[in-house]
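A.B. asks: After the structure tokens below, expect a handful of questions from me.
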Amino acid sequence: MGTTADKIAKKIASQIKSNVVDLSGHRTVRQILEEARLDTDGLKNLISKGHDPCHGLYIFAQNFASVLGEQLSEMKETRQFVKIVSNAEDEYQPGGPPQPADGKLFYDVGAL
């Protein structure tokens with residue numbers, strides 16, 4: 001079977017070795033990368049806008065990791081991991097604040 005990482009690596013390697021190119025998929029990925037500003041000039045643009053080079057690199061890396069995570073989460077090989085993370089998010093980040101047992105909510109005026 002192998003680990004999930006091995007399965008993902010095999011899939012990527014098989015796509016690289018393939019002689020067939022999915023042009024619609026290529027266009028889609030290119031658009032995603034452009035929207036996330038991960039094109040060839042993305043880092044240069046961040047620095048030219050006045051960001052410190054280290055901070056620009058940090059922003060670029062965060063955007064890259066975000067896009068990579070989104071793309072990996074859609075792969076068949078990561079379904080089990082996505083299910084585990086989704087269940088954990090539902091359990092530890094519910095839709096609202098916890099409700100007290102007596103049903104009464106008290107708010108701190110200073111928090112408003």
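Since every read-out is calculated from the coordinates, none of them should be taken as a lab result. Note that the structure is a prediction, hence the values are computed from the model and not measured. Neighbour counts are summed over all protein chains in view; Cβ atoms, including those assigned to glycine, are modelled from backbone coordinates with ideal geometry.
A.B. asks: Order of 18-24, 7-13 by packing, highest average Cβ count within 10 Å first?
C.D. replies: Highest to lowest by the protection proxy: 7-13, 18-24.
A.B. asks: Karplus couplings for region 69-76 from phi (6.51 cos²θ - 1.76 cosθ + 1.60, θ = phi - 60°), rounded to Hz, Gly and Pro as x?
C.D. replies: Result, ordered by residue: x, 5, 5, 5, 5, 8, 7, 4 Hz.
A.B. asks: If you don't mind, another one. Using modelled amide H (1.01 Å from N, peptide plane; none on Pro or chain starts), what sits under 5 Å from the amide H of Arg37, excluding residues fewer than 5 places away?
C.D. replies: none
A.B. asks: If you take the C-alpha gyration tensor of region 41-92, multiply each eigenvalue by 5 and take the square root, what semi-axes do you get, largest first, in whole Å?
C.D. replies: Whole-Å semi-axes of the equivalent ellipsoid: 32, 13, 6.
A.B. asks: A further question on this structure: Cα convex hull of region 1-66: how many Å³ per residue?
C.D. replies: 114 Å³
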